[in-house]
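The values are calculated or read from the model by the stated rules, or taken from the named source; none is laboratory data. Bear in mind that the values here come from a model prediction, so they are computed numbers and not experimental data. Here the Cβ positions follow ideal geometry from the backbone for every residue, glycine too, while neighbour counts run over all protein chains shown.
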Amino acid sequence: MQRWRGLEEIPGDWGRSVVTIGSFDGVHRGHQLIINRAVERARELGAKAVVVTFDPHPSEVVRPGSHPALLAPQPRRAELIAALGVDAVLVLPFTFELSQESPEAFVQQVLVDALHARTVIEGPNFRFGHKAAGNVDLLAKLGRGADFDVEVVDLQVCGSAGGGEPFSSTLTRRLVASGDLAGAAEVLGRPHRVEGVVVRGAQRGRELGYPTANVETVPHSAIPADGVYAGWLTAGGEAMPAAISVGTNPTFDGTARTVEAYAIDRVGLDLYGMHVAVDFLVYLRGMEKFDSIDALLVRMADDVERARELTGAGTATG
């Protein structure tokens, strides 16, 4: 898969494309449906499938300070999209100037001149151009004059987790924030992941016999609700069953909110400075303040045993 940042990186001899455009944060099951259809249509036409996305998130440029919680950083997003079989991902730097472009100018510059679109695949709520003035009806109208057609993929609704809501990044963020990681996994089609670099913390876990990787998460990451979770810690390509703590360590009167993962039964791990991934599988319990270290240790042992049981049947996927 080719990866381009900006229109200038697109090869000059790039042929006709089947294109889909969006933020695609999380690459959830709704996104997957649209991207899969783009790949399918490209194969039917003998064209290339291209996903166009943005960095930073458009809302951060249009309304500074309003960046939504991030379900997947750009490298992870590209990795997930690549797994769906697309031929290229175009990341457009989202600038103030781009936010001011009319729908017509955006279509001409990106879809016609740069990508030579043959078909554009979108969901029914797709919006584009200055003040989100463009919709799928306008896109289809512009396509008729520019030799491309538009195909709209119907929204799919989530089951029990979403209460019948369509799959969306907004729904996923809400489930993650509430600690409903099983529900988030239903929308995403895989466990929710948080990434970052392992940094030195207070090292209390090591002193207590449960050394944890203190993960300095990617800015704007969607962090689950405070509590203890079962999941996986992936480092150096190896996924290890883990008990994960999110919160401020109230037993020690902590104030900074941290994500810490204990790789179950692993001894002597040195992960400092490594970029790691934490996949959240199941919420175990809320964050508690214990009256004594002994009481904390009893609960931690129980947390680890439950996490071992829940993760013992497999490894992290996606």
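Odds and ends about this structure:
- Residues of segment 1-20 that turn out to be among the basic types (K, R) and under 24 Å from the mean Cα position of the chain (by Cα), as a count: 2
- Residue check for L271: among the hydrophobic types (A, V, I, L, M, F, W, C), outside the structural domain of L71 (by TED's automatic domain parsing), out of contact with any Phe, Trp or Tyr (no Cβ under 6 Å at 6 or more places or on another chain) and part of a loop (DSSP other than H, G, I, E, B): yes
- In segment 18-60, of all residues being of a type in the set (S, T, Y) and in contact with a strand residue (DSSP E or B) (Cβ under 9 Å, 6 or more places away or on another chain), the one that is modelled with the highest pLDDT corresponds to T20.
- Residue count, segment 97-128 (criterion: touching a Pro at 6+ places or on another chain (Cβ under 8 Å) and surrounded by 20 or more Cβ atoms within 10 Å (Cβ to Cβ)): 1
- Filter result for P75 (over 22 Å from E101 (Cα atoms), at pLDDT below 95, surrounded by fewer than 21 Cβ atoms within 10 Å (Cβ to Cβ) and out of contact with any strand residue (DSSP E or B) (no Cβ under 8 Å at 6 or more places or on another chain)): yes
- Residue within segment 153-162 that is modelled with pLDDT under 95, aliphatic (A, V, I, L, M), under 30 Å from V246 (Cα atoms) and more than 17 Å from the chain's Cα centre (by Cα) present: yes
- Filtering segment 277-292 to residues that are farther than 17 Å from A307 by Cβ and either hydrophobic (A, V, I, L, M, F, W, C) or in contact with a Pro (Cβ under 6 Å, 6 or more places away or on another chain) (or both) leaves K289, F290.
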